[in-house]
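The values are calculated or read from the model by the stated rules, or taken from the named source; none is laboratory data. The model shown is predicted, which means the values in this text are computed figures rather than measured ones. No Cβ is skipped: glycine too gets one built from the backbone with ideal geometry, and neighbour counts run over all protein chains shown.
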Amino acid sequence: MNADEAAGPIIAVDGPAGAGKSTVARRVADALGFLYLDTGAMYRALALKALATGADLRDEEALVRLLQETDLVLTAEPGGQVRVWMDGQDVTDELRRPAVNAAVSQVAGFGRVREEMVRRQRGLARGGRIVVDGRDIGTNVFPQAPFKFFLTASLETRARRRQQDLARMGYHVDTATLAEEIRHRDALDAARPYGPLRQAPDAVVIDTTDMEVDAVVAEILRVYRQRA
Ligand code: DC
C-alpha cells in the first residue's frame, strides 16, 4: 500500500535520535485530529522482548520468529500520550530503558525484521489521517506520502533532550555519554542497508536546535495547511 491508496493523508516525520520527532509528531496529530504512529516504539518493543527472553540479538531468524509471535498494539490516551501493549502487557515505561537504547539499532538493522515491521506499519496506517514518525517513513514505508518532514538538531542539543527525558524516568546519565551513544546509534541507523536513516529528497527539513516544540509544531501545521 502507499499513500495514494490510503483513505486520508499521511504525514511522515523522520530524523535522527533526539531531534524531537515523537513530541512534535504527537502534537501535530493532536492538532489535526489524526492518529499518531511511533514506529520507533515498535522496534523498541521487539528489542525489549529479545532482551527479556534472552534471544540472540545477532540472530536475524530468531528475531523474526520472535516478532511473528508478538502481538503489538499502540493506543492513545487523552492528550495523545501513546501506550504500547506487547502480548497484552503495557510495556510503555520500559521502552526507553538504557538497555533497550543499546540493543534497538541492532534489532532494527535486520532486513527481515524491518520487512515485517513495515508491513505492520502500512496496515496500521491504512485509513490515513495519521502522523508517522521514524527513520525511513518518507523514503521507504510511505515514499508517496504527500507531507514529509525531516527534523534535525545539533548533537549537543539532542543529548541534552535525551538526558532530560531519562532524568524524568529516574535515570541519570551525563550528556557526554549520551552524545556518544546517540552518535553511535545514528551511525548504525544511517549505515544499514535496509531502511537507513535518510532524508527524502522531497522532505521539508527543520533544524530544531534553537526552536521550542510549539514553533516546530506550528511550522509543520503551516506547511500542511498551505499544501493540503
Ligand atoms: O525514534 P526512537 O529513538 O524511538 O527509535 C528507536 C530505534 O529504532 C532507533 O535506533 C532506530 C530504530 N528505528 C528504525 O530503524 N526505523 C524506524 N522507522 C523507527 C525507529
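Can Arg198 be described as within 16 Å of the ligand (Cβ to nearest atom), assigned to a helix (DSSP H, G or I), out of contact with any strand residue (DSSP E or B) (no Cβ under 7 Å at 6 or more places or on another chain) and basic (Lys, Arg)?
no
Between residues in region 123-147 that are part of a helix (DSSP H, G or I) and residues that are modelled with pLDDT of 95 or more and among the basic types (Lys, Arg), which pairs lie under 9 Å by C-beta distance while being six or more apart or on different chains?
These pairs meet every condition: Ile137/Lys148; Gly138/Lys148; Thr139/Lys148; Asn140/Arg114; Val141/Arg122.
May I ask you to list the residues in region 56-93 that are closer than 15 Å to Tyr43 by Cβ, within 18 Å of the chain's Cα centre (by Cα) and not polar (S, T, N, Q)?
Of everything in region 56-93, those that are closer than 15 Å to Tyr43 by Cβ, within 18 Å of the chain's Cα centre (by Cα) and not polar (S, T, N, Q) turn out to be Leu67, Leu72, Leu74, Val82, Val84, Met86, Val91.
Yes or no: Arg158 surrounded by 18 or more Cβ atoms within 10 Å (Cβ to Cβ), charged (D, E, K, R) and within 12 Å of the ligand (Cβ to nearest atom)?
yes
Mind counting the residues in region 10-27 that are modelled with pLDDT under 95 and either under 16 Å from Ala228 (Cα atoms) or part of a loop (DSSP other than H, G, I, E, B) (or both)?
So the answer is 5.
Is it true that Thr209 is under 20 Å from Thr23 (Cα atoms), outside any helix (DSSP H, G or I) and among the hydroxyl-bearing types (Ser, Thr, Tyr)?
Against the criterion (under 20 Å from Thr23 (Cα atoms), outside any helix (DSSP H, G or I) and among the hydroxyl-bearing types (Ser, Thr, Tyr)), Thr209 qualifies.
For (1) surrounded by 16 or more Cβ atoms within 10 Å (Cβ to Cβ); (2) among the hydrophobic types (A, V, I, L, M, F, W, C); (3) out of contact with any helix residue (DSSP H, G or I) (no Cβ under 6 Å at 6 or more places or on another chain), each residue gets a yes or a no:
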{"site": "Ile137", "(1), (2), (3)": "yes, yes, yes"}
{"site": "Val141", "(1), (2), (3)": "yes, yes, no"}
{"site": "Phe147", "(1), (2), (3)": "yes, yes, no"}
{"site": "Ala187", "(1), (2), (3)": "no, yes, yes"}
{"site": "Gly195", "(1), (2), (3)": "yes, no, no"}
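Taking the options Glu115, Glu69, name whichever one is among the charged types (D, E, K, R) and either more than 14 Å from the ligand (Cβ to nearest atom) or touching an Asp or Glu at 6+ places or on another chain (Cβ under 6 Å) (or both).
Within the list Glu115, Glu69, the selection yields Glu69.
Tell me, please, whether a residue that is free of Cβ contacts under 8 Å to residues at least 60 places away in the same chain, assigned to a helix (DSSP H, G or I), of a type in the set (Val, Ile, Thr) and away from the ligand (no atom under 12 Å from the Cβ) can be found in region 73-90.
No, every residue in region 73-90 fails to be free of Cβ contacts under 8 Å to residues at least 60 places away in the same chain, assigned to a helix (DSSP H, G or I), of a type in the set (Val, Ile, Thr) and away from the ligand (no atom under 12 Å from the Cβ).
When both residues are 6+ apart or on different chains and their Cβ atoms are under 6 Å apart, which pairs have a first residue that lies in region 94-114 and is part of a loop (DSSP other than H, G, I, E, B), and a second that is of a type outside the set (A, V, I, L, M, F, W, C)?
Sorted first by the residue in region 94-114, then by its partner, the pairs are Leu95/Arg44; Gly109/Arg192; Phe110/Glu60.
Hey, can you tell me all the residues within region 68-126 that are among the β-branched types (Val, Ile, Thr) and within 26 Å of Asp30 (Cβ to Cβ)?
Result: Val73, Thr75, Val82, Val84, Val91, Thr92, Val100, Val104, Val118.
Considering each of Arg135, Arg129, Arg97 in turn, give the residue that is within 8 Å of the ligand (Cβ to nearest atom) and under 28 Å from Thr208 (Cα atoms).
Result of the check over Arg135, Arg129, Arg97: Arg135.
Among the residues of region 50-60, is there at least one that is within 15 Å of the ligand (Cβ to nearest atom) and buried (at least 19 other Cβ atoms within 10 Å of the Cβ)?
Looking through region 50-60, at least one residue is within 15 Å of the ligand (Cβ to nearest atom) and buried (at least 19 other Cβ atoms within 10 Å of the Cβ).
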